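**Q** Here it is: the structure, laid out below.
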Amino acid sequence: MSGSMSTDDPLLEMYLFESTQLIEQLEATFLRCESANSFNTEAIGEIFRHMHTIKGSAAMMSIMSISEAAHIIEDLFYRIRENSSAPHDFDTLFELIWDGLDFIKVETHKIRNGNQADGDPSGIVAAVTRYLETFSADTAPEYSYEATVTFTPDCLMENVRAYALVHQLREYMTIISFIPEDIAENEQSAEAIRKNGFVFILQSREAEEQIMAHIEQTAYIQEVRLSPVYDTATAFESASTSEWDRTAGSQRDKNSDSPKQMPVMREPLVSSMISVNVDKLDKLMDLVGEMVIAEAMVTQHESLRNIVSEHFLKSAAHLRKITGELQDVVMSIRMVPLTTTFQKMHRVIRDMGKNLGKEVQIQINGEETEVDKNIIEQISDPLMHLVRNAVDHGLESSQERASSGKPLAGTITLEAKNAGSDVLIIVKDDGKGLDKAKIMRRALEQGMIQEDSPELSDKEIYNLIFLPGFSTKEDVTQYSGRGVGMDVAFRNIEQIGGAILVESLPGSGTTISLKIPLTLAIIDGMNIKVGGSHYTLPTTSIQESFKPKAQDLLYDPDGNEMIMVRGECFPILRLDERLNTGGSTCNISQGVLVMIQQDERKVCVLVDELLGQQQVVVKTLPPYIKKIKPIKELAGCTLLGDGSISLILDPAALVSGAVRARTPALSSLH
Amino acid sequence: MKQSPLQDLELEEDSLKNKYLTFALGSEVYGIEIRYVTEIIGVQSITPVPELPEYIKGIINLRGKIIPVMDVRLRFRKPFREYNDRTCIIVVDIKEISIGLIVDAVAEVMTIEESNIVSPPDLNQLSRRYIQGIGKSGDEVKLLLNCDELLNHQETENLSAIGQV
């Protein structure tokens, strides 16, 4: 974080956190309402409340631009709520709402980056005001205000004057309550008024200026302060009951079935959720990781090996169980559903469809799938690029769709699902599919492949779209065509150890799947020894391990070793050869074969020895090493019980044995 | 309040200024700016990482933190020498990258005034670019390392190597 404001000020941080959350919730609600093309009372209530909170906290942080914009939108919804039956021009209405929300979003963003929120909300305010004017004046709702009147110091009999004022004002407006309440009977109240002023709550259809004018007609008034009141939270206490009944209460009553539920529903939300700095979580995670190692260090200690004590073993097992649970809990704290990420995409698609004049339907499946917080941050950008590409390049124009007999509206499907230790995120469009010939032609023109390069498989051709600078678009649009997006997507996903798979069927659409690891932190691993080095294989990818028999070995003409297992033939992978380390057994029958599977492909890895299974904390390789040379086969490293380091192998890279040789285009990226 | 960390930093910078940690590689004595140095440890078990240049010996576990180690001898294309109990790993922190430098022996911390530092002669030697200056202290000469180059230069080497493949 660069901004001095953003980190130093916990209040501001809290504000940003809250506002961002509210904005996200609002966005979701808007999208829901827009697709339904109506507002139900519940949604209106929710939007109203959220906007009110945003306004209030922005005002508290004296960020006036946000406060003003939120205020006018709040007004808008106030009117909508009060006139729920009135017809609305939904297109204009939603445009207004989106504009307003975007404005608030941009301003919030500015603050987060340590800049001043210097946007001018007057455009939005004017637009909303214009829209509001379309409501007929007589349906204008009553607004509530809190007025504080101070009388001139030496006027005396303040209580009587106040009583007269109330009496006078009742001609023009409704006076709901006042403080002190006993002005008519109690002369002592004059003293209180002199000290604190005379405070009353009123309701009126008129504008603030007019109300002020009414009040100021009375003699001996020194000062009048008027401020709008929306709910009891800002109203003073003794008046709150009557105020609640008349304004907030009546508003809530209109929400048919949930008048009393609102406060009840909100309360547990406040008390059961706390927001925690991610840094702290990271630290906790690290500590738990260290603890897992320490636990292994203690319970598997050399000198304990010969101790036969049932009691000790029991205690050790207990300790292990607790550490395991602790780990699970810490992990689960960090897991966040993809909902918000998908919602963001929903928004992107909606906006793009509007701007490009394409009709787009969005289908979202499995948004509740949970992924580690760190990973979510990393995939948001790539996903956005993929979605943009799908809408811009993937979907045809409505005319084209009509002529090819497809439904007019294109469909973008966003899907997330768990697949073993990975999460699959799928972006699917039902557009025209990738045009292989066109991709090849562009790649040739842009010099990414040579005329004489060998026959490329479909997959390799599709992968060309991830090269930096590659674009089949002749014209650069607002959304795509510069050839940057897919490259960024590819790199980001690769960075977190994920992969991108492209499938496409000409005429019926493209599917791009992101395969990302569920978490980067802790895995179940099998420690193995090859030559002098220790490695760890994720247990999830291990199918079985066995001692090979000499008669099951096969050799193909190139001398590649293979083994028959239950009538199936699997390639044998020698880690030392693959990684150029050397020093392992040459004789297969002396080693152990570990069969690993990834994406339906199986490979038997030859290892010297299995050292045992253990939960390991994945640490990334030092950035320096990654910089010098990214090693595909290594997913990271971990500390073993004795403090030594073990390298964690990436089964996906091992299985796709010839990955580097096969995709020349992609390997040249590095 | 807000000033104090800055002032502290300035003071610290000041006290570190012109100070060099000197170490030996064979018969030569090198110096490295002390502000880069985090700690000095003895040689411990190094886990080799495959497919890296020869001079990156592997990674070590520094109290739970995993850092790469570089054999400075091999970096300068000098012959490898077995590690012994004089061999040290100097842990340096350069632009948020931690790395251990394996050297024959650590000598001392000394102050070399800027006036006593001259630019290296313009010889066309590989190790030359890693030397930012030559410091004189009494009648001895120390080669002052340019840490940035030491860490970052192989990027281009690496790229050109890929180009050849």
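**Q** Going through region A:271-298 one residue at a time, which ones are surrounded by 12 or more Cβ atoms within 10 Å (Cβ to Cβ) and at pLDDT below 80?
**A** Correct list: A:Val278, A:Asp282, A:Met285, A:Asp286, A:Gly289, A:Glu290, A:Val292, A:Ile293, A:Ala294, A:Ala296, A:Met297.
**Q** In the list A:Leu573, A:Leu647, which residue meets the criterion of being modelled with pLDDT of 75 or more, facing chain B (nearest Cβ under 9 Å) and crowded, with 16+ Cβ neighbours inside 10 Å?
**A** A:Leu647
**Q** Within region A:321-362, track down each residue that is among the basic types (Lys, Arg) and at pLDDT 85 or above.
**A** Matches in region A:321-362: A:Lys321 only.
**Q** Being on the phi > 0 side of the Ramachandran plot and either within 11 Å of chain B (Cβ to nearest Cβ) or in contact with an Asp or Glu (Cβ under 8 Å, 6 or more places away or on another chain) (or both) is the filter here, so list the residues in region A:595-638 that pass it.
**A** Correct list: A:Gly636 only.
**Q** Considering only region A:578-594, I want to know if a residue exists there that is crowded, with 17+ Cβ neighbours inside 10 Å, out of contact with any helix residue (DSSP H, G or I) (no Cβ under 6 Å at 6 or more places or on another chain), at pLDDT 80 or above and within 14 Å of chain B (Cβ to nearest Cβ).
**A** Checked against the condition, which is being crowded, with 17+ Cβ neighbours inside 10 Å, out of contact with any helix residue (DSSP H, G or I) (no Cβ under 6 Å at 6 or more places or on another chain), at pLDDT 80 or above and within 14 Å of chain B (Cβ to nearest Cβ), region A:578-594 yields no hits at all.
**Q** Then there is this: Show the residue pairs that are 6+ apart or on different chains and have beta-carbon atoms under 6 Å apart, the first residue being within region A:601-627 and assigned by TED's automatic domain parsing to the domain that holds A:Ile528, the second being surrounded by fewer than 19 Cβ atoms within 10 Å (Cβ to Cβ) and at pLDDT below 80.
**A** From region A:601-627, the pairs are A:Asp608/A:Thr585; A:Gln615/A:Asp524.
**Q** Any residue that is in a helix (DSSP H, G or I) and either within 14 Å of chain B (Cβ to nearest Cβ) or surrounded by fewer than 17 Cβ atoms within 10 Å (Cβ to Cβ) (or both) - is there at least one of those in region A:503-513?
**A** no
**Q** Checking A:Val423 against (1) more than 24 Å from A:Thr339 (Cβ to Cβ); (2) in a strand (DSSP E or B), which single condition isn't satisfied?
**A** The single condition A:Val423 does not satisfy is (1).
**Q** Another question about this same structure. Which members of region B:88-104 meet the condition of being away from every other protein chain (no Cβ under 14 Å) and either farther than 19 Å from B:Pro68 by Cα or not hydrophobic (A, V, I, L, M, F, W, C) (or both)?
**A** Once the filter is applied, which keeps residues that are away from every other protein chain (no Cβ under 14 Å) and either farther than 19 Å from B:Pro68 by Cα or not hydrophobic (A, V, I, L, M, F, W, C) (or both), region B:88-104 yields only B:Asp104.
**Q** Looking at the structure I just gave you, is A:Ser67 outside the structural domain of A:Lys354 (by TED's automatic domain parsing), under 23 Å from the mean Cα position of the chain (by Cα), in a helix (DSSP H, G or I) and under 25 Å from A:Ser144 (Cβ atoms)?
**A** Against the criterion (outside the structural domain of A:Lys354 (by TED's automatic domain parsing), under 23 Å from the mean Cα position of the chain (by Cα), in a helix (DSSP H, G or I) and under 25 Å from A:Ser144 (Cβ atoms)), A:Ser67 does not qualify.
**Q** Mind listing just one residue for me: the one in region A:70-85 that is in contact with a helix residue (DSSP H, G or I) (Cβ under 7 Å, 6 or more places away or on another chain) and part of a loop (DSSP other than H, G, I, E, B) and, of those, modelled with the lowest pLDDT?
**A** In this case the residue turns out to be A:Ser84.
**Q** Could you check region A:195-243 and list, in sequence order, the residues that are of a type outside the set (A, V, I, L, M), more than 16 Å from A:Tyr143 (Cβ to Cβ) and either touching a helix residue (DSSP H, G or I) at 6+ places or on another chain (Cβ under 7 Å) or modelled with pLDDT under 50 (or both)?
**A** A:Phe198, A:Thr218, A:Tyr220, A:Phe236, A:Glu237, A:Ser238, A:Ser240, A:Thr241, A:Ser242 - these are the residues of region A:195-243 that are of a type outside the set (A, V, I, L, M), more than 16 Å from A:Tyr143 (Cβ to Cβ) and either touching a helix residue (DSSP H, G or I) at 6+ places or on another chain (Cβ under 7 Å) or modelled with pLDDT under 50 (or both).
**Q** Could you grab the pairs with beta carbons closer than 7 Å, sequence gap of 6+ or different chains, first residue in region B:70-96 and touching a residue at least 24 places away in the same chain (Cβ under 8 Å) and part of a loop (DSSP other than H, G, I, E, B), second one surrounded by fewer than 21 Cβ atoms within 10 Å (Cβ to Cβ) and of a type in the set (Ser, Thr, Tyr)?
**A** Pairs that qualify, where the first residue is touching a residue at least 24 places away in the same chain (Cβ under 8 Å) and part of a loop (DSSP other than H, G, I, E, B) and the partner is surrounded by fewer than 21 Cβ atoms within 10 Å (Cβ to Cβ) and of a type in the set (Ser, Thr, Tyr), are B:Phe76/B:Ser127.
**Q** Considering every residue within region B:45-54, establish whether at least one is away from chain A (no Cβ under 14 Å), assigned to a strand (DSSP E or B), among the hydroxyl-bearing types (Ser, Thr, Tyr) and at negative phi.
**A** No, region B:45-54 contains no residue that is away from chain A (no Cβ under 14 Å), assigned to a strand (DSSP E or B), among the hydroxyl-bearing types (Ser, Thr, Tyr) and at negative phi.
**Q** What is the residue count in region B:55-66 for residues that are more than 7 Å from every other protein chain (Cβ to nearest Cβ) and outside any strand (DSSP E or B)?
**A** Final tally of qualifying residues: 2.
**Q** State all residues of region A:170-198 that are under 53 Å from the mean Cα position of the chain (by Cα) and closer than 17 Å to A:Leu156 by Cα; if no residue qualifies, say none.
**A** A:Pro180, A:Ala192, A:Ile193, A:Lys195, A:Asn196, A:Gly197, A:Phe198
**Q** Does A:Ala190 satisfy the criteria of being among the small types (Gly, Ala, Ser), out of contact with any Leu (no Cβ under 9 Å at 6 or more places or on another chain) and either at pLDDT 75 or above or not assigned by TED's automatic domain parsing to the domain that holds A:Glu13 (or both)?
**A** No, not satisfied.
**Q** If you scan region A:523-557, which residues turn out to be within 14 Å of chain B (Cβ to nearest Cβ), of a type in the set (S, T, N, Q) and in contact with a Gly (Cβ under 7 Å, 6 or more places away or on another chain)?
**A** Of everything in region A:523-557, those that are within 14 Å of chain B (Cβ to nearest Cβ), of a type in the set (S, T, N, Q) and in contact with a Gly (Cβ under 7 Å, 6 or more places away or on another chain) turn out to be A:Asn527, A:Thr536.
The values are calculated or read from the model by the stated rules, or taken from the named source; none is laboratory data. Worth saying up front: this structure is predicted, and the values here are computed from it rather than measured. When we count neighbours, we look across all protein chains shown, and the Cβ atoms used for this are built from the backbone with ideal geometry, even at glycine.
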